[in-house]
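First the structure, in the form of structure tokens, and then the observations on it.
The values are calculated or read from the model by the stated rules, or taken from the named source; none is laboratory data. Computed from a predicted structure; not experimentally measured. With ideal geometry, Cβ positions are generated from the backbone for all residues, glycine too; neighbour counts draw on all protein chains shown.
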Amino acid sequence: MRVAQTFACSRCSLRFPRGPACPECGDEAPIDLRNPDAKASLERKLGKRSLLGRWILPLAERGYDTVVFITLIVVLTLAAMLGAMLSGSMLAYFGAYLVVPVAGTVAWVLLWPKLLERLDEPKARRVLRVYRPPRLPEKVRTTLTGVVQGDATLVAPLSGRRCIAYRLVGRVGDDEVDDTVAATLDVALDNPDAELDLTGAIFELPTPAPDRTEVGPVLAPILAPLVVVSDDDIRGREAHLAEAVLAPGDRVEVEGRRDVRAVPDGYRGHKQTLRLAVHGPAPLRIRPIPRND
Ligand SMILES: [Zn+2]
């Protein structure tokens, strides 16, 4: 099990764990950050551009700017010719047949790409937030407790501690990080009749205040699918991160939407079983229970 929020919605500047839709606007074509091309397009979409850029760039992308240019030159040249005919001056003829079309074309070839580049440079960039599902209403939520089981096959990137899951919280550049990486784990529930499906669960492991750190060879591959900067750029970036780990044997509580179902049970007919799992937008949260010692 690996919990990572690798989908993003450019309209909401939001990163979230799973498709198919953005949890805030419902857009059904979220961007998958594991795809480098998709990531590059998101970076562009998050940029704030000038009003002129927002109008001209989409036209230029489709090649319509050439059509607009040719039309403009033809219209100007025709206007200059009309002017030359009416005024009858040699200078006006010179302008109509030479200066307007030639100077226009030269300016187009030399200056237009530079202007487009200028317009394409974002003035600022929107920050990518991490989605946090709202707390469930009290009457539908319930909590199960138990002990984490499994093998400590992960190494937490900041502390180097072996663990079964770790959560990273903070920022890389301006973008928010709040992500958990988890190995395959199970929770041995105190209530033996209850059932639990941890797929898609959110790990709410309490972290200290984030510290300044540089994205090195250990953090780079972990953060690469979570932040928008291209994979080559991420190394050496400054990040502010904090970490928390979950280890086998830790006691946890799991909070989710109450779902009681009848399960066939020998001669008694049916018994009621409490089941916790992710239900559509209703999240499942895992929190460690502090030890008493
Ligand atoms: Zn959205």
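Condition (residue is surrounded by 13 or more Cβ atoms within 10 Å (Cβ to Cβ) and modelled with pLDDT under 85) applied to the stretch 124-141: is it met by at least one residue?
Yes, that holds for at least one residue.
Considering each of ALA188, ALA156 in turn, give the residue that is buried (at least 16 other Cβ atoms within 10 Å of the Cβ) and touching a residue at least 12 places away in the same chain (Cβ under 8 Å). Working first, answer last.
Details: ALA188 fails: buried (at least 16 other Cβ atoms within 10 Å of the Cβ).
Only one candidate qualifies: ALA156.
If we scan the stretch 79-87, do we find a residue that is in contact (Cβ under 8 Å) with a residue 40 or more places away in the chain, out of contact with any strand residue (DSSP E or B) (no Cβ under 8 Å at 6 or more places or on another chain) and outside the structural domain of LEU241 (by TED's automatic domain parsing)?
no
When you check VAL218 against the structure, is it surrounded by 20 or more Cβ atoms within 10 Å (Cβ to Cβ) and in contact (Cβ under 8 Å) with a residue 24 or more places away in the chain, yes or no?
When the stated conditions are applied, VAL218 does not pass them.
Give PRO30, PRO17, PRO58 a once-over and let me know the one that is buried (at least 17 other Cβ atoms within 10 Å of the Cβ) and free of Cβ contacts under 8 Å to residues at least 60 places away in the same chain.
PRO30
Can you tell me which residue within the stretch 1-32, out of those that are over 26 Å from ASP197 (Cα atoms) and not in a strand (DSSP E or B), is farthest from the ligand (Cβ to nearest atom)?
Filtering first and then ranking leaves ALA29.
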